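Below: the structure, in structure tokens.
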Amino acid sequence: MIYHLYSNQDATIYERNPTLNAGLDEILELEKVVTSDTMIEVSRILINFKVSQSISNLRTNGFLTTGSLNSTLKLYSLEAVNTPVEYSVECYPISQSWTLGTGKVNYIPVLTNGVSWKYATETVLWRTGSFASGVSASYFTSTGGCNWYQASSSKQSFEYSPITQDLNLNVSNIVNAWLSGSLKEQGFIIKISGSLEYSTDTYGPIQFFSSETNTIYPPRLELAWDDSVFTTGSLPPINTDRYTIVTKNLNKQYDQDSIEKLRIVSRPLFPVRTFSTGSSYNIVQYLPQTSYYQVEDYYTGEALIPYSDYTKISCDSTSNFFLFNFNTLQKNRFYRFTFKILNSGTIKYFKSDEVFSII
């Protein structure tokens, strides 16, 4: 299953304006302003999700039984100006609690009622020394800039492209450290890597949509795990290369908070004639264990949930099925499922004619 968490707080902190709160800005940005060798000012992104609470709810409701999670932090690019030919973005778990605030970059006067370069909260400074073991910080012009744990980190490298590039950071090690209790969950800090952050070369702004955006691209944390089971009971396997797949209980509309068990049935296109009082078309045959689903945007054909080990199709004594979490899809758009079946060295693809939307 794939499950999306959306940030409950995100903000950019600016060294050039160390007490500015930008908790309600529609964009998040990484930039560096170089005035002289002694005046270099950068920005960093802070973002938080209620990871432990959400995973606890999933386990309580029986949707998550595995201890193995693949976690990806996704930020969607708005614009990237003056980027280096090659650069890397790194992510660390924050070590100190912080508050969102209600400010924006262009507010006059500046609001200081939440996180900023200098302050973690309206009244509490970021630590600049006497750190706990494994905790670090860095700054150049102004003290502050957040504190983070060094041991758990993630990095993504970029090469220059005229096309804006999204941020996809594998943060499984950080999320697993939160879940194990070895680190306290305070969110992520995202910054430019290494010496480039404070060299005399300017970059940015590299901009991403924030949770305040009115688009379909808010930041999200994608949790993925293999929830497939395969118990065929008395069902026979599909025994022909010419068959079709039908989604039996797919509705036309779903609430975004729904998690549904969707049943799919495979039947031969041309059943073998037998002496029987029932229809051959009512016989259910199971698909091989190497079967997967994908979700496409109906109009663009874009694969929003691609085939992977986290979209395996399950089976029980009734039919094949899969659990699907509709919070991975945006409202007011139309979607359809496609299927990929691997069997004895052959690959078949099926595209559902049934379309659904999220309300």
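The values are calculated or read from the model by the stated rules, or taken from the named source; none is laboratory data. Just so it is clear, the model here is predicted, and its values are computed rather than measured. Heads up, the Cβs are rebuilt from the backbone with ideal geometry, glycines too, and the neighbour counts pull from every protein chain shown.
Worth a mention:
- Residues (among the aromatic types (F, W, Y) and in contact with a Leu (Cβ under 7 Å, 6 or more places away or on another chain)) located in segment 196-211: F208, F209
- Unique residue being within 25 Å of A224 (Cα to Cα), among the hydroxyl-bearing types (S, T, Y) and not in a helix (DSSP H, G or I) when the list is S161, S182: S182
- Those residues of segment 326-359 which are hydroxyl-bearing (S, T, Y), out of contact with any strand residue (DSSP E or B) (no Cβ under 7 Å at 6 or more places or on another chain) and not in a strand (DSSP E or B), in sequence order: S344
- Of the criteria (1) under 15 Å from S88 (Cα atoms); (2) outside any strand (DSSP E or B), which one I189 fails: (2)
- Identification of strands (runs of 3 or more DSSP E) wholly contained in segment 197-264 with 1 or more residues that are under 20 Å from the mean Cα position of the chain (by Cα) and at pLDDT 95 or above yields 203-209, 220-224.
- Verdict on F63 being among the aromatic types (F, W, Y), surrounded by fewer than 20 Cβ atoms within 10 Å (Cβ to Cβ) and either at negative phi or without any contact (Cβ under 8 Å) to a residue 60 or more places away in the chain (or both): yes
- Among residues of segment 310-324 that are crowded, with 19+ Cβ neighbours inside 10 Å and in a helix (DSSP H, G or I), those with a Cβ under 6 angstrom from a residue that is among the hydroxyl-bearing types (S, T, Y) and modelled with pLDDT of 95 or more, sequence gap 6+ or separate chain, pair up as T311/Y292; T311/Y293.
Residue-by-condition table, conditions (1) surrounded by 17 or more Cβ atoms within 10 Å (Cβ to Cβ); (2) assigned to a strand (DSSP E or B); (3) touching a strand residue (DSSP E or B) at 6+ places or on another chain (Cβ under 8 Å):
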site	(1), (2), (3)
G23	yes, no, yes
K32	yes, yes, yes
T35	no, yes, yes
S43	yes, yes, yes
Q96	yes, no, no
T102	no, no, no
